[in-house]
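Starting off with a structure, shown below.
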Amino acid sequence: MADRVTVIGWDGSPLTAAARSALSAATLVAGAAHHLALPEVPPTAERIRLGSLGLAARRIAGHRGTAVVFADGDPGFFGAVRTLRAPEHGLEVEVVPAVSSVAAAFARAGMPWDDAQVVVAHPRTLRRAVNVCRAHAKVAVLTSPGAGPAELALLLGGVHRTFVICEELGTAREQVTVLTSDRAADHSWRDPNVVIVIGGQASPLSSATAEPAWLLGQSPAQSGARGWARPLADAGEGESALLRAAQLARLGPRTGDLVWDIGTGSGAFAVEAAAFGAAVIAVDTDPRACERATAAARKRGVQLQVVSGRAPHVLEDLPEPDVVRIGGGGAEVVAAVADRRPERIVSHASTRDEAEAIGRALTEGGYTVECALLQSVGLDTRTWGEQDRSVVFLLAAERPVNR
């Protein structure tokens, strides 16, 4: 095992005394090409061009001597420190920090970032990173080859955002470009880069009159009224607060998910799902329902993409969902949704025959299905007399892990 491992963050600034001291004693130096070209790197040291950090960690673990690892920005912020300290490598490291590339990107843009979400985009996590950009008004994306600005823009599709693209921060080739997302796919971009994605419903934290932020990346929804699945005066059939609470509990929408809300009605469920941090596409055939959903999202301070059209045909051009609520359309719509293979689906029915038809469509689609009869009675607390009664079948389906 290496006698000493020092991780040096590099943001383009001159190396600190601590960094120069660690380099002068290094017998192995790992980093990107621009790190290894620094004049402070000892000419006699073994050099490792970083590709896979895991492979480099194994080399360092077997090295007899003193090792230095370079990382762009702050190596403790979505950086090399976590990998090097992983139990399988057994490395204890000293860290020389630097300004993170996210902080540098926002500084170049002249923008605050205490209200920003920060995500890492690799080809395997790109879709989830895009969903965060759909759901939030300010997101910093740490990109990688195959998951850069062009790929982000293509997956965003009809959701329009402004991109601030920061290429090769801290190097002589640094460049900052501001353009709309629909134009980002027409360019070739250099790695590494950070993309600041801005647009949609503005966060209350962006207002000069808002209270100072105290939690990094706080969602606008978190600063609203407490509680969820609250009763609504304009809720339609099948939109009772208790049914909505049960549907949310079964689906469990979360940050990085894309939720379809088919037959959104008042938009109540869509807004609740967005308040949990998920990206949401609300679909309805009624233009007035689409208007209500848009207004509800604006009032709650969350992002929604509202699509007017009739399911199942309108679903063909939508991006792949993680979880889906079906508020209407019957077994035909349920079958079409099951064909898209979301992790979970919820629907409801007012009769047993309808519930059985929906259950069959889900089962035939390869899902494990549960059904519950939910009955609720509202009481007037002045007289304790019955106000209203709701009876509905709740169907919840989960895709088996191996399918």
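Please tell me the relative contact order of the chain in percent, rounded to the nearest whole number, where contacts are Cα pairs under 8 Å and at least six residues apart. Please report the intermediate quantities before stating the final value.
On the way: 841 pairs, mean separation 43.3, N = 403.
Normalised by residue count, the contact order of the chain is 11 percent.
Sticking with this structure for a sec: Could you list which residues have their amide H under 5 Å from that of residue 95, counting only those 5 or more apart in sequence or on another chain, with H placed in the peptide plane?
Sorted by chain and number, the residues that satisfy this are 7.
I would also like to ask the following. 222 nm [θ] for the chain, helices only, -39500 (n - 2.57) per DSSP H run of 4+, per residue, to 500? Don't jump to the answer; show the numbers that get you there.
Numbers: 13 runs with 112 residues, N = 403.
That calculation yields -7500 deg cm²/dmol at 222 nm.
Another question about this same structure. May I ask you to evaluate 6.51 cos²θ - 1.76 cosθ + 1.60, the Karplus curve with θ = phi - 60°, for each residue of segment 289-305 and list the ³J(HN,Hα) values in order in whole Hz, giving x for glycine and proline?
5, 4, 5, 5, 5, 4, 5, 5, 5, 5, 5, 7, x, 10, 8, 9, 9
Under a 10 Å cutoff between Cα atoms, tell me which one of 383, 255, 66 has the largest fluctuation in the Gaussian network model of the chain.
Residue with maximal mean-square fluctuation among 383, 255, 66: 383.
Continuing with the same structure: Would you mind calculating the gained length between residue 174 and residue 368 on full extension (0.36 nm times residue separation, minus the Cα-Cα distance), in nm to one decimal?
Extending this stretch completely gives an extra 64.6 nm.
Find me the longest stretch of the chain that has none of the exposed GluC sites (Glu not before Pro), where exposed means in a DSSP loop (not H, G, I, E or B) with at most 12 other Cβ atoms within 10 Å.
In short, 238-403.
What are the ³J(HN,Hα) values, in whole Hz, obtained from phi via the Karplus relation 6.51 cos²θ - 1.76 cosθ + 1.60 with θ = phi - 60°, for each residue of segment 67-76 in sequence order, with x given for Gly and Pro?
Along segment 67-76, the couplings run 10, 10, 10, 8, 9, 5, x, 7, x, x Hz.
For segment 1-140, what is Rg from Cα atoms divided by 2.2 N^0.38 Å, rounded to two decimals?
The reported ratio for this selection is 1.14.
Full-extension gain between residue 92 and residue 122, please, as 0.36 nm times their residue separation minus the C-alpha to C-alpha distance.
My answer for the length gained is 8.1 nm.
Just the number: Rg to Rh for segment 83-203, Cα atoms, Kirkwood Rh, two decimals. Show your work: numbers first, answer last.
On the way: Rg = 15.1 Å, Rh = 15.0 Å.
That ratio equals 1.00.
Roughly how many Å² is the accessible area per residue of segment 303-397, as a whole number, for a 1.4 Å probe? Don't skip to the end; give the middle numbers.
Values: 5010 Å² over 95 residues.
Solvent-accessible surface per residue comes out at 53 Å².
Okay, moving on. Out of every Cα-Cα pair in segment 144-187, what percent are more than 12 Å apart?
Cα-Cα pairs in segment 144-187 separated by more than 12 Å: 60 percent.
How high is the FRET efficiency from residue 314 to residue 360, r the C-beta distance, R0 22 Å, rounded to 0.05?
In this case the efficiency is close to 0.40.
List the residues whose amide H sits under 5 Å from the amide H of residue 327, counting only those 5 or more places along or on another chain, with H placed 1.01 Å from N in the peptide plane.
The answer is 262, 263.
So for the chain: antiparallel DSSP bridges make up what percent, rounded to the nearest 5?
Looking only at bridges with both residues in the chain, the antiparallel portion is about 50 percent.
Moving on. Going through segment 7-104, which trypsin sites (Lys or Arg not before Pro) have at most 13 other Cβ atoms within 10 Å and a DSSP loop state?
Answer by residue number: 64.
Between residue 46 and residues 5 or more places away or on another chain, which pairs have amide H atoms under 5 Å apart, with H built 1.01 Å from N, and which residues are they?
28, 29
Report ³J(HN,Hα) in whole Hz for each residue of segment 367-382, in order, from the Karplus equation J = 6.51 cos²θ - 1.76 cosθ + 1.60 where θ = phi - 60°; Gly and Pro get x.
9, 8, 10, 10, 9, 9, 8, 9, 10, 9, 10, x, 10, 7, 6, 6
The values are calculated or read from the model by the stated rules, or taken from the named source; none is laboratory data. In this text the structure is predicted, and so the values were computed from the model without any measurement. Glycine gets a Cβ as well: all are built from the backbone with ideal geometry, and neighbour counts include every protein chain shown. The protein model used for the area step is the full one, side chains on, heavy atoms only, and it has no ligands, DNA or RNA in it. Shrake-Rupley method; radii C 1.70, N 1.55, O 1.52, S 1.80 Å.
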